[in-house]
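The values are calculated or read from the model by the stated rules, or taken from the named source; none is laboratory data. This one's a predicted model, so the numbers in the text were calculated from it and none came from an experiment. Because the Cβ atoms are built from the backbone with ideal geometry, glycine has one as well, and the counts that use them run over all protein chains shown. Side chains included, ligands, DNA and RNA excluded: accessible areas come from the protein's heavy atoms. Shrake-Rupley method; radii C 1.70, N 1.55, O 1.52, S 1.80 Å.
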Amino acid sequence: MRSVEEHQRAVAELIGAGTAAPLGLRDAEGLVLAADVTATLALPVFDNSAMDGYAVRADEVVGATAEHPVRLPVADDIPAGRTDIPELSAGTAHRIMTGAPVPAGATAIVPVEATDGATDVVAITAPSAEGSFIRHAGEDVEAGAAVLRAGQQVTPAVVGLAAAIGLHQLTVIPRQRVLVISTGSELVSPGATLQRGQIYESNSSMLAAAVRGAGAEVVAAVTVGDEVADFTGVLDRYATAADLIITSGGVSAGAYEVVKDAFGRTGDQGVEFVKVAMQPGMPQGIGRVAGTPIVTVPGNPVSALVSFEVFIRPALRGAMRLPHPDRPRRSAVLIDGLSAPAGKRQFRRGVFDAAAGTVRSHGPAGSHHMRYLASANCLIDIPVDTTEVSAGSQVHIWDIG
């Protein structure tokens, strides 16, 4: 059987980064810059007021006190956004709002709290030293400065800076577009009436959510039965719009394995089916469909999601150059003993107590026990050569909470 590490490398090599492209700021958020960004203008663009108050000549208010205020006629009003800014004449003040341009001749701003707030003749009760409460042009960003670097993730703050220097687009590594196909004739959409032998389909919704959680985009999440024609019809409809195809189900050793039937059980049509030494998630497949990468995972829901976590999520995030492609990993003290199958690396659901530094297994090992995966916050990673782990042992865990 193939090792987990070997299959991880195979999936990572299969999924390549898309071509860098300019995207609008809203669409670029969360992605990674593909090029440096240089400011074409300064921030602030012009000298502006840091406070609501009055623009003055600092030397004219130097002696202002509450007992002996300096009184100046208010010659003009400068709200934020005004573009025709009159010069401040000696012996006068201009009422000014936060963000408004500082008029020529003014050397300080007196906050409104240090005045009586008058609009005709203002009484100033405290001095403002030269330069006080003035944001000077270029003190944040100088024109021509490199303000963002390739490889940096587009956060809300990055979006704000880009917009502030006049950019409406950023060149980024694009989001991976993923087609999710869940297979099985027994599957019925949630909300429909079940007949005997049918179950509600959950993998497409679950894997689509996992894809979005990894930072990628879902092209479509489709459910098909065990007819090869139906399966290939979905591929024909959606595959060319996708950067990656994920299928669940149809990869085991029995009859009616539609994914294997569609691609040839010997892997002679671009998809190789392998056994990976892990539990859950042993049957896996990997290859290309008309040039588009495809990863096939088992149909049992726990197997499907654990396979995504182990193989697909880190490869997707790596292809998008997103930070932290791997889930956080740490050691913890196991509260309860565990047994594991010989020759397989086992991933057990667990509940990690960060305060105590302990972890306990959560639920049976069976790959159909979704209830326990939904309330777990970690996977306990049991090495391939370990069959028994005693209580009190140190174990490695993956944080999926």
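Couple of notes before you dig in:
- Check on G350, open to solvent by less than 10 Å² (accessible area, probe 1.4 Å) and not polar (S, T, N, Q): yes
- Residue count, the range 353-383 (criterion: open to solvent by 50 Å² or more (accessible area, probe 1.4 Å), among the small types (G, A, S) and over 18 Å from P280 (Cα atoms)): 3
- Tallying residues that are assigned to a loop (DSSP other than H, G, I, E, B), touching a strand residue (DSSP E or B) at 6+ places or on another chain (Cβ under 6 Å) and aliphatic (A, V, I, L, M) within the range 28-41 yields 4.
Residues are listed down the side, and each one gets a yes or a no for (1) over 30 Å from A129 (Cβ atoms); (2) of a type in the set (A, V, I, L, M); (3) open to solvent by less than 60 Å² (accessible area, probe 1.4 Å); (4) in a loop (DSSP other than H, G, I, E, B):
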| position | (1), (2), (3), (4) |
| --- | --- |
| A17 | yes, yes, yes, yes |
| V45 | no, yes, no, yes |
| V74 | no, yes, yes, no |
| D84 | no, no, no, yes |
| E87 | no, no, no, yes |
| A90 | no, yes, no, yes |
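- In the range 116-144, of all residues being open to solvent by 20 Å² or more (accessible area, probe 1.4 Å) and of a type in the set (S, T, Y), the one that is farthest from A42 (Cα to Cα) corresponds to T125.
- Some residue of the range 262-285 being over 27 Å from the mean Cα position of the chain (by Cα), small (G, A, S) and under 15 Å from R9 (Cβ atoms): yes
- Scanning the range 201-218 for residues that are open to solvent by 50 Å² or more (accessible area, probe 1.4 Å) and within 20 Å of V259 (Cα to Cα) yields a total of 2.
- Criterion: of a type in the set (V, I, T), surrounded by 17 or more Cβ atoms within 10 Å (Cβ to Cβ) and in contact with a helix residue (DSSP H, G or I) (Cβ under 9 Å, 6 or more places away or on another chain) - qualifying residue of V234, V289, V228: V289
- Criterion applied to G264, G299 was being within 21 Å of H368 (Cα to Cα), open to solvent by less than 50 Å² (accessible area, probe 1.4 Å) and at pLDDT below 95, and the one residue passing it is G299.
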